[in-house]
Each structure stands twice: as structure tokens, then as C-alpha cells.
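Have a look at the structure below before the remarks.
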Amino acid sequence: MPKDNKKNITNVCFSCEKPVSGTAFSINTRVNLPVCKDCKGTGKEKQAENELLKSLAEDFVCGCI
Ligand SMILES: [Zn+2]
């Protein structure tokens, strides 16, 4: 069993949820998730990013206080 503390990141674009492979995607450094070249740099990516960060922030608030 491989030692991996990070959750298993599947190669799926976090914006459109299309499977990505090879070099046809980049990692969005804010959410640390793959984004396909079709979504990269688009408003769609930004929107998905913001929603993801928002939901993460809400989880943190609920977990800590
Ligand atoms: Zn995409």
C-alpha cells in the first residue's frame, strides 16, 4: 500500500469534471486540483475555484468553532 497522506487526486478537471490525461491539463495552485486546457484561464475555472474555496472555508469554520 503506498504511503500517501494526500487524498487521491483523480485526474478530473475540477471545473467541468471531464477526465484529463497526459499533459493536457494544468494544476490550479489555489485549489491544488487539475484543470483541463479548455477551462484553464476561463471565467468557468474562476467560478469553480471560488465555489470550491468557499465550501472549504465553510468546512473549516464548522470544524473549528
Ligand atoms: Zn475543464
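A few points about this structure:
- Once the chain from residue 23 to residue 55 is taken as fully extended at 0.36 nm per residue, the excess over their C-alpha distance is 8.7 nm.
- Positive minus negative residues near residue 45 (Lys, Arg vs Asp, Glu; Cβ under 12 Å): +2
Readers should treat all values here as calculations from the given coordinates under stated rules, not as data from a laboratory. It should be emphasised that the depicted structure is a prediction, and the values quoted were computed from it without experimental measurement. Cβ: placed from backbone, ideal geometry, glycine included. Neighbour counts: every protein chain shown.
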